[in-house]
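Q: This is the structure I want to talk about, given as structure tokens.
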Amino acid sequence: MSLSSVPSLPGDCLDLIFKCLKTRDDRNSFGLTCHQWLHIRDNNQESLWCKSRNYEPADSKISSESAAIIICNLLIRFQNLQRLSLKGCPGISEVVTSKSQSFGSKVRTLDLRFCSVYSDMQLALVFSWFPRLTRINLHYSNINDNGLAALAKCCSSLETVNLSNCCSITDSGLSCLLQNCRELRSLFISYCSSITGIGFLGCSQTLNRLGAGGYKHNQEVLNAIISGGELEYLYLETAPDESAKIEDASIINIDTEAVLTISRGCPLLKELFLSNCEEVELEGYEAIGMNCKELEKLYVMGCQRLCDTGLQAICDGCNKLIELYIDREKNSCSSSALEQFNFKGKKPELILWPCS
């Protein structure tokens, strides 16, 4: 084939050629050839990440209006985006309202971390652009129950939702999300200071991954959280010191009784995060070894009452355990027990934190 005939190749052939290119430079160079090849490159763009600092626009010299127009044009240009990040970007809804039908239908992953400028109405509009969303990250945003209700209504196919540090959400919004998003598998609500956990009550449990630290709970709520029996990953954390606690001391309190409930109610548990849960005693660790037969990773950094006997119970009972994370100082295990544990060279691997 002569070189002059290459530009005349049909679009599907050029598309296959583009997909064979491995490096970013090669793909960018492909798009510089001509308008047709640029269009092929744009159609294959699946990710768009607007880099910015946590609370600031990507470039402080650009006004919010200009940034909104730029983002809008990018969304219109890349019609097949699967993943989109607007982390920390200024509000864009007013500018793109009239053009919102031109993009968003294929986006599955949306990152709105640190987007604190959106109102309820603006968030509802943004959510309506992405009906096929399966993953959304709203960490440190100002979303409240109204915004969460709009999210559940517009994006009912959600599988993963990160709401950690969203302090305006209450149990009412949490309940709405759980009741309407029936495919939800992963939920992160750590340090949502307005949540008590009663939002789990009466909700159908499809979750297999839950991050819930930094709010009050009682035995009834804990029973509701694990009622589905399908949890495989559970992250429960207590603030490491008094200065880290949120107002009114509404820090999740994981003690021996809570660990007994979790170990008995979560037979499929593969990963358990109990960092800084200082009130868990020997009986709790023995229950983990006795009941958590599928456990692969266990995090007990800062658990001061973990002793030699508890360490041995975990090792003997959790046959599938791969990694065990222990604080170098905040535990009651003897140095000889830790050294002997590592010397045996047997699974699980004992990882002293922080790593040296």
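None of the figures in this text is laboratory data; all of them are computed from the coordinates on show. All values reported here derive from a predicted model rather than from experimental measurement. We place every Cβ from the backbone using ideal geometry, glycine too, and count neighbours over all the protein chains shown.
Q: Jot down the per residue volume, in cubic angstrom and as a whole number, of the convex hull over the alpha-carbon atoms of segment 104-176.
A: Looking at segment 104-176, the number lands at 71 Å³ per residue.
Q: Taking θ as phi - 60°, what are the ³J(HN,Hα) couplings along segment 16-30 by the Karplus curve (6.51, -1.76, 1.60), each to the nearest whole Hz, with x for Gly and Pro?
A: Per-residue couplings from phi come out as 5, 4, 4, 5, 7, 6, 9, 9, 5, 4, 5, 5, 5, 5, 4 Hz.
Q: Something else now. Taking the highest mean first, how do the peptides 255-265, 190-200, 14-24 order by number of other beta carbon atoms within 10 angstrom per residue?
A: 190-200, 255-265, 14-24
Q: Right, here's the next one. For a quick check: with amide H placed at 1.01 Å from N, whose amide H comes under 5 Å from E349's, ignoring anything fewer than 5 positions away on the same chain?
A: Residues meeting the amide H criterion: E323, L324.
Q: One quarter of the convex hull surface, Cα atoms only: what value does that give for segment 138-191 in nm²?
A: Average of the hull's projected areas for segment 138-191 equals 3.0 nm².
Q: At 7 Å along Cα-to-Cβ for each site, give me the label-to-label distance between S168 and S156 in nm.
A: 2.6 nm
Q: In whole Hz, with x marking every Gly and Pro, tabulate ³J(HN,Hα) for segment 308-316 from phi via Karplus 6.51 cos²θ - 1.76 cosθ + 1.60, θ = phi - 60°.
A: For segment 308-316, the Karplus curve yields 4, 5, x, 4, 5, 5, 5, 4, 6 Hz.
Q: Then there's this: Given H placed 1.01 Å from N in the peptide plane, which residues other than close sequence neighbours of G211 have an amide H under 5 Å from its amide H?
A: Residues meeting the criterion, in which the H sits 1.01 Å from N, are L187, F188, I189, Y235.
Q: For the pair N43 and D255, how long in nm is the line joining their label points, each one 7 Å along Cα→Cβ?
A: So the label points at N43 and D255 sit 6.4 nm apart.
Q: For E283 and R24, what does the FRET efficiency come to when R0 = 51 Å and r is the distance between their Cβ atoms, rounded to the nearest 0.05?
A: FRET efficiency, E283 to R24: 0.40.
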